[in-house]
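The values are calculated or read from the model by the stated rules, or taken from the named source; none is laboratory data. All figures in this text were calculated on a predicted structure; none of them were measured in a lab. So basically every Cβ, Gly included, is an ideal-geometry build from the backbone, and we count neighbours across all protein chains shown. SASA here: full protein model, heavy atoms, side chains in, ligands and nucleic acids out. Shrake-Rupley method; radii C 1.70, N 1.55, O 1.52, S 1.80 Å.
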Amino acid sequence: MKQENINGGYVLLERRLLESLLWTKPPVYLKVWIYLLLQAQHKDYKNLKRGQLYTSARDIAENCAHYVGYRKEKPSISQINRALKWLRNNNETNTNVDERDSYITSTKATKGSLISLNKYAFYQNPSNYRSNNENNP
């Protein structure tokens, strides 16, 4: 039986995320980070390079909403801005995790920001990950 491919592509999450400072932050920080990973360009397209996206705090809040029953709960713009500021300024020095630069850099643009995910090409390259399974390279 032939298995179908999944439409839409994929992103890689490293297991070390569980040991990162991001994991200890409020849930909206992680949701914003994953949203940025999913929305970033996976290859150069028009004026955007791989690992970049154009968005606004308002768009992020709308897309990171969830439902409680029938009521839509959106993170506030200030929650989104705090998460983005932390992702911009954080430099992890946790001894269990390799020291890395901030997660993102951003540049204000008309009606939003150009966000670049730092080291996107490195972390989204499957060949940079070692498998735990000896039979699987």
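Points to keep in mind about this one:
- Test: residue in the stretch 70-82 that is among the acidic types (Asp, Glu) and part of a strand (DSSP E or B): yes
- Scope the stretch 46-69; condition closer than 16 Å to Leu30 by Cβ and not in a helix (DSSP H, G or I); matching residues: Cys64, Ala65, His66
- Within the stretch 62-73, the residues that satisfy the criterion of being over 21 Å from Gln41 (Cβ atoms) and within 18 Å of the chain's Cα centre (by Cα) are Ala65, His66.
- Count - residues of the stretch 5-28 that are assigned to a loop (DSSP other than H, G, I, E, B), open to solvent by 100 Å² or more (accessible area, probe 1.4 Å) and under 24 Å from Ser131 (Cα atoms): 3
- Test set (1) open to solvent by 80 Å² or more (accessible area, probe 1.4 Å); (2) in contact with a Cys (Cβ under 7 Å, 6 or more places away or on another chain) - Val32 fails condition number: (1)
- The stretch 1-28 residues that are farther than 25 Å from Ser76 by Cα, paired with ones that are charged (D, E, K, R) and modelled with pLDDT under 90 (beta carbon under 9 Å, 6 or more apart): Arg16/Asp98
- Given (1) open to solvent by 70 Å² or more (accessible area, probe 1.4 Å); (2) modelled with pLDDT of 95 or more, number of the condition Ile115 does not satisfy: (1)
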